[in-house]
Amino acid sequence: MSRRRSLTLAVVLALLAIGIGIALSYAIHWFPAQAATQARNTDRLYHVLVIACIPIFVLVTAVILYSVWQFHMRPGEELKDGPPIHGNTRLEVLWTAFPAALLLGMIAYSFVVLHDNEKKPAREIHVGVTAQQFAWSFQYPPAVTGGAPVESDQLYLPKGESVQFRLHSKDVIHAFWIPAFRLQEDVVPGITVQYRATPDRLGTYPIVCNLLCGIGHSLMRSAVHVIPPAQFQAWIQSRLRAAGQGAGASPSATVAGAPSSTSTAGAASK
Amino acid sequence: MAAKLRAPGFYRAGWMMALGVAFAFFLTWVIRASTGHSTFRHYISGEAITTVSILAVPLLFLVGIGGFDYWFYWAMGRPTRPEDHSGHGARTWKDYFRINTDHKVIGIQYTVTSFFFLLVGGLIAMLMRAELAQPGAQFVDANTFNGLFSVHASLLIFLFVIPVFAGLANFVLPLMIGAPDMAFPRLNALSYWLLPVAGALMLGSFFAPGGAFADGWTAYAPLSTNAPIGQDFFSVGVQFAGASSIMTALNFLVTIITMRAPGMSFFRMPLLVWANFATSLLVVIATPFIAASQFFVLLDRGLGFNFFKAGNGGDVLMYQHVFWFYSHPAVYIMMLPGFGIISEIIAVKSRKPIFGYRMMAFSLLAIVVLGFTVWAHHMFTSGMAAWIRIPMAITTAIIAVPTGIKVFSWLATLWRGVLRLDTPMLFALGFLTTFTLGGISGVMLAMVPFDIHVSSSYFIVAHIHYVLFGGSLMTIFGGVYYWFPKMTGRMFDERLGKMHFWSTFVLFNLTFGPMHILGLQGMPRRVADYASRFADMNLFISIASFGLGLSTLIFLYNIVTSWRGGPVSVANPWRGMTLEWQVSSPPPIFNFDRVPTVVGGPYEYGVPGAVHGIFAPTPAAAGVGSGLARAPSE
């Protein structure tokens, strides 16, 4: 096969590989369920990144495979050297400038996504998140409950409403990760860390501690329940009633298995 | 016997280490007795004795083994023994267990010791994968598991990847620049002996009460400041490993700057020398920061300081900033020497000059500078000020440009060459593909919203292993095969080498590829147990990883049998032009019987009549010898 024909064949095969790669990137279920508007933005960013990166990886692999196929040493060439090509300024400028432009384009797009994901909405509710070795608890302030503060060991959120989490740690650093929202931040002792999410899909999704926090780290999980706003109000009311009946001994607050958080809820509801 | 106890060596090290324990006992007893501990049992605290011991015993071990002898003699006004190179060369295998100032002996000491820790770290990984094969607890409890992955990472970073590059360069670098040895041979010997000390401390932590240090190699405060005593073994072990790095880096810098052969300008240096020059700059500037971070932890723990106690005015995030200011450049410390190895292998095995040699050198320096501007990309979700993410994300994306230049230059070097597809070349080509994948996932991680999702997940585990295993370890294997004939004077078994490459390459991808998906799906790293929906993929990964572990045995068998009884190698089996191939295998004790003069670039393959170095004629051997045509001096 002539050099020209083999090169054509290689280009065709590489383009085919790029096409298959991109098709596969859509076929594979990379992510768990999308349950927040932020998740949709982040997943779109991921797909754009993958589509931009596949041609680059195919290019590198194709050059290697083509070189192995066409330029490997044949019998009788044991003492042969290649042509003494020391460089090519135009090519070197090209492969400096083009990746730089591509990278800056990708990073600019990622900043747009970041801005969209973090911008302050017109209306939002605040939920406190408290981490301690090895449990989560969630505090709903009076502005959300319309009465006394409410505490829970599972996170309940109304669908379609923006929520700002305010993260507190009682001991070491934890990370509050909701994979279905594609969001996490570290929970740092001594400071309050905040982030926003807008859940937009009903269901129950895992909450994971994603920063090594000690012996029970791998079991420090909880769940977020995204429920309709009316149901959320009903849940708040039921928690208020439960807290009102038995101060400090609300049945679901004790599930947290964290005595200190139970007493906080009890004291606050008086 | 008395002479043995006085002479430098293991006997003297033994009683001096006992002295170290006695000193720790005495010091803590005096301090506790004088600060109001009244009853006898309060005079003794096991924890205090341990903390002082792990500082004192290693230092006295180094004194005992003879690491400081010359300087002590000088300081005490006793007659010093001038460096007559009597300690040069290894005549028997026992010489490798003594202080030796020959860079070739030290290079082999470094490399073999590092590979020992690779095997230990790999075995620990096998234990972890056995535990992770199924959800729930099977073999080890959560505390032991946390200790396993912490020691795994610490050993492989501080006692394998960083020192093995220093070991290979120790052997080859002086040869490549035409020097008889390193600039500071005694410092070189001392820097090697710090390594086993650091390794013994990290492994020894498994025997500490409360178990090994169990908060990752990152040792984030305040988890580390409240951990059991095993944590101190990490804090102190890092000091010894770090001191070793700094000594070697200084040695490389001075050697490269002052000891190049006549005619070897900076732009005639082989790229491995450039790579180690760049790496050494990184080491010298960055390593003090991790030393500081671990001293902070040690002071918080041992003396009740408040660097990282939020309630007492400490700043928890400060730990991470100081730590990553070293530990990000550290990933380039673990990669740039590998770039150098790949440049050597690809030029020789493609029989072509490196494409864009100067850009290759400049891109190394660009990585050194940019490497110091990206550390907070490890902290996008740490709760630091939000705006810092923006400049750090930009620099993180930009640092991919010089790395991309290198990859494209290697590809262009392959183009139209005459490729020898033997074991070192296969590892170089395998490196190019896996490292490109690791680089791509690294660029993706620079994108803040995506990083916010996968930070600290299994995606990170996949990325870091594509960079450090698919990147660094591939170059290390390639480099060991490439210089094996030079170091041992024998050839390795090519068939076993190819088997080793293919099994490693395939099983590596099967092990670490699926981890990307696990991370995207929401599996956190550093967990002994996981949600049952991740079970199938974890079982698959575990099985692949056991195969990957076994593939290392092919390498071991090949190296051990070839070293003992492989076919004798000629001086220049690859027909390389760089100076190390122009001397016998293994090289003579002082490297060059005649001082070489460098007259051209290091990779002039295909240029008719080109030579890199010529050897001045000696009275005995009249006539001009050329670097290529000259017969090896047997």
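The values are calculated or read from the model by the stated rules, or taken from the named source; none is laboratory data. All values derive from a computational prediction rather than experimental measurement. Quick reminder, even Gly has a Cβ in these numbers, built from the backbone with ideal geometry, and neighbours come from all protein chains shown.
Here A:I18 fulfils each of the conditions (1) over 30 Å from A:K120 (Cβ atoms); (2) facing chain B (nearest Cβ under 7 Å) apart from (2). Name the residue that is farthest from the chain's Cα centre (by Cα), counting only residues in the range A:210-249 that are within 14 Å of chain B (Cβ to nearest Cβ) and farther than 24 Å from A:T198 by Cα. Among residues in the range A:210-249 that are within 14 Å of chain B (Cβ to nearest Cβ) and farther than 24 Å from A:T198 by Cα, the one farthest from the chain's Cα centre (by Cα) is A:I215. In the range B:307-341, which residues are within 13 Å of B:L282 (Cα to Cα) and touching a Ser or Thr at 6+ places or on another chain (Cβ under 7 Å)? If the condition is that a residue be within 13 Å of B:L282 (Cα to Cα) and touching a Ser or Thr at 6+ places or on another chain (Cβ under 7 Å), then B:Y326, B:I333, B:M334, B:M335, B:L336, B:P337 are the ones that fit. Being more than 14 Å from every other protein chain (Cβ to nearest Cβ) and either within 21 Å of B:T395 (Cα to Cα) or outside any helix (DSSP H, G or I) (or both) holds for only one residue in B:I440, B:I476, B:I464, and it is B:I464.
Does B:I543 count as surrounded by fewer than 22 Cβ atoms within 10 Å (Cβ to Cβ), in a helix (DSSP H, G or I) and within 14 Å of another protein chain (Cβ to nearest Cβ)?
In short, no.
Check the range B:231-246 and report whether any residue there is in a loop (DSSP other than H, G, I, E, B) and within 14 Å of chain A (Cβ to nearest Cβ). No, the range B:231-246 contains no residue that is in a loop (DSSP other than H, G, I, E, B) and within 14 Å of chain A (Cβ to nearest Cβ). Applying the criterion of being at pLDDT below 85 and of a type in the set (D, E, K, R) to the residues of the range B:84-104, the residue that is farthest from B:M487 (Cα to Cα) is B:D84. Just give me the residues in the range B:290-319 being part of a helix (DSSP H, G or I) and over 25 Å from B:I246 (Cβ atoms), in sequence order. B:A310, B:G311, B:N312, B:V316, B:L317, listed by residue number. Return the residue satisfying two criteria in turn: it lies in the range A:170-194 and is part of a loop (DSSP other than H, G, I, E, B) and facing chain B (nearest Cβ under 8 Å), and of such residues it is surrounded by the most Cβ atoms within 10 Å (Cβ to Cβ). Out of the qualifying residues, it is A:R182. Scan the range B:348-372 for residues that are in a helix (DSSP H, G or I), under 19 Å from B:Y603 (Cβ atoms), within 11 Å of another protein chain (Cβ to nearest Cβ) and of a type in the set (A, V, I, L, M) and the total you get is 3.
Scanning the range A:53-71 turns up one or more residues that are in contact (Cβ under 8 Å) with a residue 60 or more places away in the chain and more than 9 Å from chain B (Cβ to nearest Cβ). Is it the case that the range A:88-104 has a residue that's surrounded by 16 or more Cβ atoms within 10 Å (Cβ to Cβ), at the interface with chain B (Cβ under 7 Å from one of its Cβ atoms), over 27 Å from B:M359 (Cα atoms) and within 30 Å of the chain's Cα centre (by Cα)? There is no residue in the range A:88-104 that is surrounded by 16 or more Cβ atoms within 10 Å (Cβ to Cβ), at the interface with chain B (Cβ under 7 Å from one of its Cβ atoms), over 27 Å from B:M359 (Cα atoms) and within 30 Å of the chain's Cα centre (by Cα).
Pairing residues of the range B:602-618 that are within 13 Å of chain A (Cβ to nearest Cβ) with residues that are at pLDDT below 90 and surrounded by fewer than 18 Cβ atoms within 10 Å (Cβ to Cβ), at Cβ distances under 9 Å and at least 6 apart in sequence or on separate chains, gives B:G609/B:S626.
For the range A:105-116, give me each residue that is surrounded by 17 or more Cβ atoms within 10 Å (Cβ to Cβ), among the β-branched types (V, I, T) and out of contact with any Phe, Trp or Tyr (no Cβ under 9 Å at 6 or more places or on another chain). The one that is surrounded by 17 or more Cβ atoms within 10 Å (Cβ to Cβ), among the β-branched types (V, I, T) and out of contact with any Phe, Trp or Tyr (no Cβ under 9 Å at 6 or more places or on another chain): A:I107.
Among the criteria (1) within 22 Å of the chain's Cα centre (by Cα); (2) within 7 Å of another protein chain (Cβ to nearest Cβ), the one B:G404 does not fulfil is (1).
Condition check ((1) crowded, with 22+ Cβ neighbours inside 10 Å; (2) over 30 Å from B:T144 (Cα atoms)) across all residues:
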{"position": "B:Q231", "(1), (2)": "yes, no"}
{"position": "B:F234", "(1), (2)": "yes, no"}
{"position": "B:V238", "(1), (2)": "yes, no"}
{"position": "B:T248", "(1), (2)": "yes, yes"}
{"position": "B:N251", "(1), (2)": "yes, yes"}
{"position": "B:N276", "(1), (2)": "yes, yes"}
{"position": "B:A291", "(1), (2)": "no, no"}
{"position": "B:F295", "(1), (2)": "no, no"}
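For the range B:493-533, a residue qualifies if it is away from every other protein chain (no Cβ under 14 Å) and buried (at least 19 other Cβ atoms within 10 Å of the Cβ), and the qualifying residues are B:G497, B:H500, B:T504, B:L507, B:F508, B:T511, B:F512. Which one is farthest from the other protein chains (Cβ to nearest Cβ), of the residues in the range A:105-127 that are out of contact with any Ser or Thr (no Cβ under 8 Å at 6 or more places or on another chain) and β-branched (V, I, T)? Top of the filtered list is A:V127. When the test is whether a residue is buried (at least 22 other Cβ atoms within 10 Å of the Cβ) and within 10 Å of chain A (Cβ to nearest Cβ), B:M334 does not pass it.
The rows are residues; the columns are (1) surrounded by fewer than 16 Cβ atoms within 10 Å (Cβ to Cβ); (2) within 18 Å of the chain's Cα centre (by Cα); (3) not aromatic (F, W, Y).
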{"position": "A:G19", "(1), (2), (3)": "yes, no, yes"}
{"position": "A:H29", "(1), (2), (3)": "yes, yes, yes"}
{"position": "A:Q34", "(1), (2), (3)": "no, yes, yes"}
{"position": "A:H47", "(1), (2), (3)": "yes, yes, yes"}
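Looking at A:A23, A:A35, just one residue is in contact with a strand residue (DSSP E or B) (Cβ under 9 Å, 6 or more places away or on another chain) and either farther than 22 Å from B:L432 by Cα or aromatic (F, W, Y) (or both), and that residue is A:A35. Between B:G417, B:G383, the distinction of being part of a loop (DSSP other than H, G, I, E, B) and touching a strand residue (DSSP E or B) at 6+ places or on another chain (Cβ under 7 Å) belongs to B:G383 only. Per this entry, A:F165 is counted among residues that are within 17 Å of the chain's Cα centre (by Cα), in a strand (DSSP E or B) and among the aromatic types (F, W, Y). Look at (1) more than 9 Å from every other protein chain (Cβ to nearest Cβ); (2) at pLDDT below 95 and you find that A:A131 fails only one, number (2). Quick one: is B:F427 more than 8 Å from chain A (Cβ to nearest Cβ), over 28 Å from A:L114 (Cβ atoms), part of a helix (DSSP H, G or I) and at pLDDT 95 or above? Yes, satisfied.
Taking first residues from the range B:407-418 that are more than 7 Å from chain A (Cβ to nearest Cβ) and partners that are assigned to a helix (DSSP H, G or I) and polar (S, T, N, Q), the Cβ contacts under 7 Å between residues at least 6 apart in sequence or on separate chains come to B:T413/B:S350. Taking the criterion of being out of contact with any Asp or Glu (no Cβ under 7 Å at 6 or more places or on another chain) and part of a loop (DSSP other than H, G, I, E, B), the residues of the range B:567-577 that qualify are B:P567, B:S569, B:V570, B:A571, B:N572, B:P573, B:W574, B:R575, B:G576.
Only a single criterion out of (1) at pLDDT below 95; (2) in a helix (DSSP H, G or I) is not satisfied by B:F252, namely (1).
Every listed requirement among (1) under 17 Å from B:R301 (Cβ atoms); (2) aromatic (F, W, Y); (3) away from chain A (no Cβ under 14 Å) is met by B:F213 save one, (3). I'd like to check something: does the range B:275-295 contain any residue that is within 14 Å of chain A (Cβ to nearest Cβ) and either at pLDDT below 95 or under 20 Å from the mean Cα position of the chain (by Cα) (or both)? For the range B:275-295, residues within 14 Å of chain A (Cβ to nearest Cβ) and either at pLDDT below 95 or under 20 Å from the mean Cα position of the chain (by Cα) (or both): absent.
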